[in-house]
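Note sheet for the following structure.
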Amino acid sequence: MEEDLDPSLPSSRHLLSSILAMEPSHCVISHARACGGGSITEQVQQFIWDHCLSAPGDFHAPYLKNFLKKLISQVESDRGYVLDNLYELYAHYMTSFKDDSFAKRDARICKRISFLFPEVVFSLQCSLNMLEGDTGCSIWPSSLFLSELILSHPELFSDKSCFEIGSGVGLVGLCLAHVKASQVILSDGDLSTLANMKFNLELNHLNVEANMTEGNKDPNKVKCLYLPWESASESQLQEIMPDLVLGADVIYDPACLPHLVRVLAILLNQMNSSFCRQHSSCKNLSPNIKLGNGEARHENDIEICDGRCKAIYNDGSSSMSKEAPVAYIAYVIRNIETFNYFLTLGTQGNLDIVDLTDSLKPLNLLCFMQSYNQASVRLLRITSSNMQ
């Protein structure tokens with residue numbers, strides 16, 4: 001009798017991760033063949049039964065029914081032996097469930113996304129109706145890319161106040177909390193998406209806060225804001241004051257881009273004297289403030305230099321130093337004219353936009369996910385040119 005498949009092997013982990021993420025059936029079957037050296041052996045089928053289908057009720061029934069149908073068909077076409085357990089489960093779904101009973105507009109499925117190094121798994125409730133306008137409750141490639149970036153480079157995000165625009169299912173926020181960002185604020189302009197996002201955060205054991213109370217730096221508490229770009233006020237955005245702004249697949253609709261650029265310009269242009277004086281670390285300072293040209297300013301003013309806020313004492317020491325806000329935007333170019341329009345608006349809005357795709361790469365933490373192409377996603381770094 002063959003030994004059981006070792007679940008710690010990379011091929012086994014890829015198979016398990018792909019079915020938990022509800023990858024397309026042909027992708028899962030590809031991993032199953034890799035586990036069996038080219039064929040779906042009884043050993044591989046037993047692994048699928050023991051480890052992947054141990055709780056079949058956790059899966060969306062039409063997905064599992066379709067997967068079992070294709071799995072059995074593949075084994076039979078290879079003249080292999082199909083385990084009785086798999087036949088029986090497929091027969092159960094054939095007789096108990098009808099596909100049209102799951103065609104409801106508000107239908108949801110739960111995917112489990114596994115980042116293999118570091119080993120972390122997030123459960124996400126997603127929509128089945130992406131093509132019917134429910135795009136905010138879907139997992140987009142740029143969201144996966146940003147999540148990989150955060151987990152690959154935690155030093156860029158830990159101990160930082162992070163604000164995401166258009167947060168979708170909340171995956172980026174979950175990764176920010178995992179690397180212990182000092183504050184995580186998520187936002188969306190669609191109420192149903194916002195409700196689904198909050199559900200996902202709580203599903204993954206995070207506490208959700210709906211308002212902007214000051215002084216709360218609990219890494220297990222995430223703030224969720226209803227924030228339509230077109231109606232977000234300058235004062236509302238200035239209350240957020242993040243160190244980092246993040247966005248995934250937000251460059252897609254030409255009609256929304258002027259509002260997006262306005263929001264980014266306000267969020268990234270907050271390093272000025274009034275901004276610094278709002279922080280307790282800047283209050284009651286009595287240094288001899290110097291401008292870049294050496295002239296003195298009022299004792300409570302703060303110098304802006306090289307994108308940083310500094311107070312300089314007589315001995316030349318700096319009492320504090322805070323970097324200007326930076327935005328990281330991940331995107332897939334679907335229409336080059338739309339992207340060029342965004343670049344034009346960014347220039348008009350005094351934004352400096354730099355492509356970091358080749359210089360800041362995430363690790364391939366989703367190597368099992370054949371439906372996701374990391375190379376298709378680009379990364380922008382955006383700052384305010386007013387801070388140069």
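The values are calculated or read from the model by the stated rules, or taken from the named source; none is laboratory data. Quantities reported herein were computed from a predicted structural model and do not represent experimental measurements. Note that each Cβ is placed from the backbone with ideal geometry, even for glycine, and that neighbours are counted across all protein chains shown. Each accessible area value is taken on the protein alone, full model and side chains, heavy atoms only, with ligands, DNA and RNA left out. Shrake-Rupley method; radii C 1.70, N 1.55, O 1.52, S 1.80 Å.
For region 86-100, a tally of residues being at pLDDT below 95 and open to solvent by less than 60 Å² (accessible area, probe 1.4 Å) returns 4. Whenever a residue of region 253-266 is in the same structural domain as Ala232 (by the TED database) and open to solvent by 20 Å² or more (accessible area, probe 1.4 Å), its partners that are at pLDDT 95 or above and hydroxyl-bearing (Ser, Thr, Tyr), lying with C-beta atoms within less than 6 angstrom and at least six residues away or across chains, give the pairs Pro254/Thr338; Pro254/Tyr341.
Those residues that are surrounded by 15 or more Cβ atoms within 10 Å (Cβ to Cβ) and within 14 Å of Trp49 (Cβ to Cβ), I need them from region 5-18; list them, please. So that I can check it myself, show each step before the final result.
The initial filter retains those residues of region 5-18 that are surrounded by 15 or more Cβ atoms within 10 Å (Cβ to Cβ), namely 5, 11-18.
Within region 5-18, Leu5, Ser12, Leu15, Leu16 meet the criteria.
If we scan region 344-367, do we find a residue that is at pLDDT 95 or above, under 23 Å from Ile165 (Cα atoms), under 21 Å from the mean Cα position of the chain (by Cα) and small (Gly, Ala, Ser)? No: zero hits. Is it the case, given these coordinates, that Ser167 is modelled with pLDDT of 95 or more and within 21 Å of Pro325 (Cβ to Cβ)? Spelling it out, it is not the case that Ser167 is modelled with pLDDT of 95 or more and within 21 Å of Pro325 (Cβ to Cβ).
Ser143 falls short on exactly one of the conditions (1) touching a residue at least 60 places away in the same chain (Cβ under 8 Å); (2) surrounded by fewer than 24 Cβ atoms within 10 Å (Cβ to Cβ); (3) among the polar types (S, T, N, Q), and that condition is (2). Would region 61-70 turn up any residue that is open to solvent by 60 Å² or more (accessible area, probe 1.4 Å), outside any helix (DSSP H, G or I) and without any contact (Cβ under 8 Å) to a residue 60 or more places away in the chain? No. May I ask you to verify whether Arg79 is farther than 23 Å from Ser25 by Cβ, open to solvent by 60 Å² or more (accessible area, probe 1.4 Å) and either of a type in the set (Asp, Glu) or at pLDDT below 95 (or both)? In short, no.
Counting the residues of region 178-189 that are under 14 Å from the mean Cα position of the chain (by Cα), more than 20 Å from Cys126 (Cα to Cα) and either open to solvent by 10 Å² or more (accessible area, probe 1.4 Å) or at pLDDT below 95 (or both) gives 2.
When Asp159 is tested against (1) on the phi < 0 side of the Ramachandran plot; (2) surrounded by fewer than 19 Cβ atoms within 10 Å (Cβ to Cβ), just one condition goes unmet, and that condition is (1).
Of the residues in region 19-54, how many are open to solvent by less than 40 Å² (accessible area, probe 1.4 Å) and at negative phi? Working first, answer last.
Initial filter on region 19-54 (open to solvent by less than 40 Å² (accessible area, probe 1.4 Å)): 19-23, 25, 27-29, 31-32, 35-36, 40-41, 44-45, 47-48, 52-53.
Remaining after also requiring at negative phi: 19-21, 23, 25, 27-29, 31-32, 35-36, 40-41, 44-45, 47-48, 52-53.
Within region 19-54, residues that are open to solvent by less than 40 Å² (accessible area, probe 1.4 Å) and at negative phi number 20.
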